[in-house]
C-alpha cells in the first residue's frame, strides 16, 4: 500500500486498486506504486488473459485471415483498450498512460502497465516516468 499525493489531496493506491478490481476483470493486477519511488505516481502492473482477448477479437474481426504478427498486434491493441478502462477509477487530479508491452504466448497472457501522475507533472514527464518503469519491469 502506498499513499500518493496529487494537488493537495492524498490518495490510497490500494483503495483505488480495490475499486478497479471490483469492476474490471483482469487475470491479475497489482499495485507497484511504491516501486516508482515517486509520491505523485500511481503504477499498476496488469496481466490480461490472451485467450479471452483472442476470443473477443474473433467475434469482432475476421481474424481467421490474419497471420500471427497481425494477430498479436491486434491483441495488444485490444489489451491497451482494456487497460484504458482503469482511467475511469483514477481521480481527476491525475493524467494517465496505459500500455500493453509484452505478449507471453506460453502463458497465454499479455503484460501491461498503467501509470497515473499528478497533472501538474505534465504529459512529457508522464512519458519519461512510464518509460523508466517499463525498463525496470521483468
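Rule-based calculations on the coordinates, nothing more; no lab input. Owing to the predicted nature of the structure, the values given are computational and were not obtained by experimental measurement. A quick note on method: Cβ atoms are made from the backbone with ideal geometry, for glycine too, and the neighbour counts reach across all protein chains shown.
Using alpha carbons only, how many degrees (0 to 90, rounded to 10) separate the axis of helix 123-136 from the longest principal axis of the chain?
Compared with the principal axis, the helix lies near 70 degrees.
With a ≥ b ≥ c taken as the square roots of the eigenvalues of the C-alpha gyration tensor of segment 11-53, please select rounded if a/c is under 1.5 and otherwise prolate if a/b is larger than b/c or oblate if it is not?
oblate
Using a Förster distance of 25 angstrom, determine the FRET efficiency expected from the C-beta separation of residue 12 and residue 134, and round it to 0.05.
Working: r = 24 Å, r/R0 = 0.98.
Efficiency, from the Cβ-Cβ distance: 0.55.
For labels at residue 54 and residue 102 in the simple 7 Å Cα→Cβ model, what's the distance in nm?
For residue 54 paired with residue 102, the spin-label model returns 1.9 nm.
Specify the angular offset, from 0 to 90 degrees and rounded to the nearest 10, of the alpha carbon long axis of helix 50-60 from the longest principal axis of the alpha carbons in the chain.
For helix 50-60, the angle is close to 70 degrees.
Report the paramagnetic label zone for residue 72: residues of segment 96-114 whose backbone N is under 14 Å from a point 7 Å from Cα along the Cα-to-Cβ axis.
101-111, by backbone N distance to the label point.
Kindly express, to the nearest 10 degrees and within the range 0 to 90, the angle between helix 13-23's C-alpha long axis and the longest C-alpha principal axis of the chain.
Between helix and principal axis, roughly 40 degrees.
Please work out whether segment 74-138 counts as rounded, prolate or oblate from its C-alpha gyration tensor, where a ≥ b ≥ c are the square roots of the eigenvalues and a/c under 1.5 means rounded, while otherwise a/b larger than b/c means prolate and anything else oblate?
Cα axes put segment 74-138 in the oblate bin.
Tell me, what is the percent relative contact order of the chain, built from C-alpha pairs under 8 Å that lie six or more residues apart? If you can, show how the numbers build up before the last one.
Values: 215 pairs, mean separation 33.7, N = 138.
So the answer I get is 24 percent.
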